[in-house]
Amino acid sequence: MTTLSPRAQAIFEKKYTLDGNETWEQCVKRFVGLLTDDKKKQKQFFEFIYNMEGLPGGRGLACAGTTNALMNCYTLNVDDTLESITKTLQDFILVESKGGGVGIDLSKLRGRGAPIYRKGLVKTAKEESCGAVGFAEIYHSAACAITGGSGRKGATLVSLRYDSPDILEFIKAKQDHSKFNSFNISVGVNDEFFKRIKEGGQKEIELWQLIVEGMINNAEPGLLHLDNINKFNAISYLPDSYIYTTNPCGELPLAPYSSCALFSINLSLLPNINHNDFYRELKKRVELGIEILNYMLEKNDYILPENKKVSLSHRRIGLGVFGLAHYLVQNGVRYGSFESLELISKLFETFRNLSYEASTNLTDTFGQFKGFDAEKYLANPFFKDFDERLIDLIRKKGIANCAVNTCAPTGTISQLADTTSGIEPIFELSYMRKDSLGENEIKDPLYESGKYDKSLFVTTNEITPEEHIAVQRTIQKYLDGSISKTINCLPDKKLYEKLSKLLLENMPYLKGITVYVKGSRKHEVLSSKIKKEDMPSMMPAIRTKHKIGKSTVYLFTSYYKDLPKEIFAFTGENEEVGACEDALCRSISTMLRSDFSIKEITKQLYKARGIHIKALPQIIANRLEAFLDIDEKCEKCGGKIVKSEGCFLCLRCGDSKCG
């Protein structure tokens, strides 16, 4: 019997139960009962989902047996005509009112100020287009006014190509946090864009700077690599199959009027990758996941006829995973390490092959997707590394789905199973989550169990951006879809140069990317909670000596996991000054333990006025900045290096370059 944890039970009651009395067992039976009347299959599907071995996208659990809107999201199409713009607005409202997310690309629209000509009418005054941003504002107003079915508000992604005449206005609109706050935005780029940057194209370089600065300051825009998306689109030979955008979270690139059918395998419940049962268990779960997704395509109540036509023709599905970070810990591997990339590569190659084989074997039940042509389909470069046995099987039997895999965020369903989200690392061992359930403290259950080496529990901000992107790049190689993943960064004076270089090096191998810099958004869904009692009873500290006039100040900076957490100052001044010092240091220490941005703390400290009162805050600010300035890592242990008393000191092993 599966027992939900208190947090999981609260999530279930808020988001998935039909009423306050429905149990997890009843919910799962409601879902599988919609998929098929075959009792044997119902039993297989039920045990699989009930035991949390795999879970459908949240909309499937919430809407099965009611609206039967099982798809999490859809894409629409906007052409440069008033008729298309107004039809898309109507479609957008209908989809959002049912709680579906929407991906929409505005690149076909003429720019702001471009002339409008109306057929059959005498032109009496100059008419101009309001451009992509003007129409985005209309869609945004509609999104803000709508709450979907079951109280679920659909997410929205709006994208625009880099060569749109309105691209600068589009990106800058997100700098105003009062605009487009119900949208995510992405910029569509291609090989030509990166070529022009490399060749020194001034226009492209200025745009790139705006994009990267937007990522750092606002976590947007994301990037969509349209050439990579369409290069590996195996049905690009079919009409109307060009992909302009993705679903709202970016994990599924979709042609206009497609839908995203999502299901994810819980990796944390699999045997270790070298265990004899690993392959058999993964195969069983992949086969069930692919079959469930095909039934979801059949049983979904499509909101728009265009969505139904495209979805049932292409039969694109998204089987993904969640719990990767916990699975790496269970295998004794640190997230982001070279060993983890090797394990991930083996895991996802097997996952991909099993997914394609499962879809091929379902052609007896669901038939081939419409337009399947073995030679044209298998000519796509995505299949160049497939083994010949699988290629021959697809050529002989065809395949039920044009594409099968993705990596969705699974932020809520992973909490039902008490494991980590999608392919993301552990966010924090203890953190605060703000959502429709209120503000709650979340503790990592695997860490709390005490069964595993605690050094393996690295968290989001302990993993470097290079490690984050290496994981994404490794997985993308094996996916026909894309990936919902965030490249997390800490504030840094040199972040623009570092991030720009990292993105330019890696975007040729990715389909999309999202960046988040800690503290860049005022309202965060997840925020760290580091309490003093969570700290070890003893922490290493760096002592520095400073002069303020005739006084000597001794500053002690304690650190934990390479970051400053407490700071104390001793000057021997009179009691009144000493009380001010004590209050200042206690306040700063509280902020550090609560994971406030070091950059923001130092910014405020530098504003202090007075003589003694000004000098001490500036000394503290300078000391804290030492934790941000140094890019080097210790040659002995790989730990973070800070500058202390004119020398470089490793925070992990204590090694000093001054001997």
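The values are calculated or read from the model by the stated rules, or taken from the named source; none is laboratory data. Owing to the predicted nature of the structure, the values given are computational and were not obtained by experimental measurement. Cβ sites come from the backbone with ideal geometry, for glycine too, and all protein chains shown count toward neighbours. Accessible surface areas use protein heavy atoms only, side chains included; no ligands, DNA or RNA. Shrake-Rupley method; radii C 1.70, N 1.55, O 1.52, S 1.80 Å.
Tell me the net charge near Thr514. Cut-off is 10 Å between Cβ atoms, Thr514 excluded, with +1 for each Lys or Arg and -1 for each Asp or Glu. Taking every Cβ under 10 Å from that of Thr514, the sum is 0.
Report, in listed order, any pair from Lys477/Lys518; Lys40/Lys451; Lys203/Lys498 with a Cα-Cα distance greater than 30 Å. Distance filter (> 30 Å) returns Lys40/Lys451. Here the contact order of region 153-258, divided by its residue count and restricted to Cα pairs under 8 Å and six or more residues apart, works out to 27 percent.
With the highest mean first, a sort of the peptides 486-494, 101-109 on other beta-carbon atoms found within 10 angstrom per residue produces 101-109, 486-494. Scanning residues 5 or more positions from Asn405 or on other chains, those with amide H under 5 Å from its amide H are Leu319, Asp480, Gly481, with H placed 1.01 Å from N in the peptide plane. Seen from a random direction on average, the alpha-carbon convex hull of region 20-92 projects onto 6.8 square nanometres.
Peptides 283-293, 597-607, ordered by how many other C-beta atoms sit within 10 Å of their residues on average, highest first, read 283-293, 597-607. Cross-link check: pairs Lys283/Lys485; Lys545/Lys565; Lys172/Lys511; Lys43/Lys284 evaluated at a Cα-Cα cut-off of 21 Å; pairs beyond the cut-off: Lys283/Lys485; Lys172/Lys511. Calculated on the Cα set of the chain, radius of gyration then Dmax: 26.8, 88 Å. Per-atom-type breakdown for the chain gives carbon and sulfur 51% of the accessible area (1.4 Å probe, protein chains only). Using bins of 5 Å that start at zero, the share of Cα-Cα pairs per bin across region 451-511 amounts to 3, 15, 24, 21, 16, 12, 6, 2, 0, in whole %. Taking 19 Å as the straight-line reach from the Cα of Lys15, the aspartates and glutamates in range (excluding those fewer than 8 positions away in the same chain) are Glu25, Glu96, Asp418, Asp435, Glu439, Glu441.
Two numbers describe the Cα atoms of region 332-417: Rg and Dmax, which are 15.9, 45 Å. In this structure the amide hydrogen of Val78, modeled in the peptide plane, comes within under 5 Å of the amide hydrogens of Asp105, none closer than 5 places in sequence on its chain.
Taking the DSSP beta bridges with both ends in region 370-522, the antiparallel portion is around 50 percent.
Normalised by the number of residues in region 238-341, the mean separation of alpha-carbon contacts (under 8 Å, six or more apart) gives a relative contact order of 32 percent. Sparsely packed loop sites in region 362-469 (the trypsin sites (Lys or Arg not before Pro) outside DSSP H, G, I, E and B with at most 15 other Cβ atoms within 10 Å) comprise Lys370, Lys451.
Please list the three semi-axes, largest first and in whole Å, of the ellipsoid equivalent to region 1-138, using sqrt of 5 times the eigenvalues of its alpha carbon gyration tensor.
47, 15, 12
Averaged over its residues, the chain has an accessible area of 44 Å² per residue, based on protein heavy atoms and a 1.4 Å probe. Loop-resident GluC sites (Glu not before Pro) (DSSP state other than H, G, I, E or B) in region 177-276 with no more than 15 further Cβ atoms inside 10 Å of their Cβ: Glu199.
Dimensions of region 405-517 based on its C-alpha atoms, expressed as ranges along the principal axes with the largest first, amount to 39, 37, 33 Å. Where both bridge residues fall in the chain, DSSP classifies roughly 60% of the beta bridges as antiparallel. Working note: Karplus 6.51/-1.76/1.60 with θ = phi - 60° gives region 285-295 the couplings 6, 5, 4, 5, x, 5, 5, 4, 4, 5, 5 Hz, where Gly and Pro are set to x.
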